[in-house]
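Okay, so here's the structure we're looking at.
The values are calculated or read from the model by the stated rules, or taken from the named source; none is laboratory data. No experiment lies behind these values; they were computed from the predicted model shown. Neighbour counts run over all protein chains shown; Cβ positions are idealised from the backbone, glycine included. Keep in mind that these areas ignore ligands, DNA and RNA; they rest on the heavy atoms of the full protein, side chains included. Shrake-Rupley method; radii C 1.70, N 1.55, O 1.52, S 1.80 Å.
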Amino acid sequence: MNLRQQLSPTGNLGDAIFRSAVFTIALSLVLIVAAMIVALAAHSTLSIRQFGFGFLSNREWDPVKGKFGALAFIYGTIVSSLIALIISVPVSLGIAIFLVEQAPHFLSRPIAFLVELLAAIPSVVYGLWGIFVLAPFLRVHVEPPLQRWLGWLPLFQGPITGIGLLTGGAILAIMITPIISAVVRDVLAAVPSTQREAALALGATKWETTMVVLANGAPGIAGAVILGLGRAIGETMAVTMVIGNRPEISASLFQPSYTLASVIANEFTEATADIYLSSLVELGLILFLVTFVVNASARVLVWRVTRRTAAAGMA
């Protein structure tokens, strides 16, 4: 008698119920995402009809005159996120390489715990720290030397206040470092030890062996960076408190700016006119779609590394 014949009808019914339940749970997540897209699109219909694609290219945001454009917010979101990546990626890679390739076991666990603890700090706490500590530090010790040495560049011109794109990017860099370093650490740990042993057997140094490991985990590292970018794009409170919240496009990193998430958080309660509210919802739709695409791309890249690693292990 085989296993299926040994199962009672009650057991088969239980399996069917369990399978249906978990399928329903998984399907519900897809339905929630679809419902969010539909709801945002429905409530932004008025703005889409009135402004069309010009909404993305118009930089004017004037609720009094009823003129709305997303370009200034898209600019602030992109620039602050790029600043965060420029600062965070080298630091995150260094942390991950040290924890996986260099640190002894008794030291790697406490450091990994402390790094991951940064991800648990609420965003508003980062914002308060940014206002009272980071912004004054940049205003006194960082921005004046940058303007003195690199003031011939448009990026470092203008008045120094400590509140602006550079401060927003710096606070984002601190917030996404735990995410990037955690994913990169998992990617490096997933690289087969045979790769390291082969490199060492051929006479490679510890540094050269690390470069081999990084090359094998390159797609996963790229996925970790994109995952951090997705977090930076969607961050709200911390950036709102230090970026200055001015809807303008300026080449200077010292000037105030605005992000998609910040303008929604700041102005949603003030939106009384229908077109004003619809424009804010359209900004939310843009932010949702961009974040969704960025995170999906990151997941695909990380999945490629894990699949390739599993295939190598089976071989």
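In this structure, is F98 open to solvent by 50 Å² or more (accessible area, probe 1.4 Å) and more than 25 Å from F254 (Cβ to Cβ)?
Details: open to solvent by 50 Å² or more (accessible area, probe 1.4 Å): yes; more than 25 Å from F254 (Cβ to Cβ): yes.
Spelling it out, F98 is indeed open to solvent by 50 Å² or more (accessible area, probe 1.4 Å) and more than 25 Å from F254 (Cβ to Cβ).
Summed over region 28-77, the residues that are under 25 Å from the mean Cα position of the chain (by Cα) and without any contact (Cβ under 8 Å) to a residue 40 or more places away in the chain give a count of 11.
Mind checking whether some residue in region 153-166 is over 28 Å from F113 (Cβ atoms), in contact with a Pro (Cβ under 9 Å, 6 or more places away or on another chain) and assigned to a helix (DSSP H, G or I)? For region 153-166, residues over 28 Å from F113 (Cβ atoms), in contact with a Pro (Cβ under 9 Å, 6 or more places away or on another chain) and assigned to a helix (DSSP H, G or I): present.
L165 falls short of the stated requirement of being within 20 Å of L82 (Cα to Cα) and free of Cβ contacts under 8 Å to residues at least 12 places away in the same chain.
Taking region 196-251 as the region of interest, the helices (runs of 4 or more DSSP H) fully inside it that hold 1 or more residues being open to solvent by 60 Å² or more (accessible area, probe 1.4 Å), closer than 30 Å to K67 by Cα and at pLDDT 85 or above are 218-234, 237-242. Here E143 does not fit the description of being more than 27 Å from M237 (Cα to Cα), open to solvent by less than 40 Å² (accessible area, probe 1.4 Å) and touching a helix residue (DSSP H, G or I) at 6+ places or on another chain (Cβ under 8 Å).
Out of the residues in region 46-70 that are part of a helix (DSSP H, G or I) and open to solvent by less than 40 Å² (accessible area, probe 1.4 Å), state the one that is nearest to A170 (Cα to Cα). Walk me through how you get there before you give the answer.
Initial filter on region 46-70 (part of a helix (DSSP H, G or I)): 46-51, 54-57.
Pick out the ones that are also open to solvent by less than 40 Å² (accessible area, probe 1.4 Å) and you get 47, 54-55.
On the way: S47: 33, G54: 31, F55: 29 Å.
Out of the qualifying residues, it is F55.
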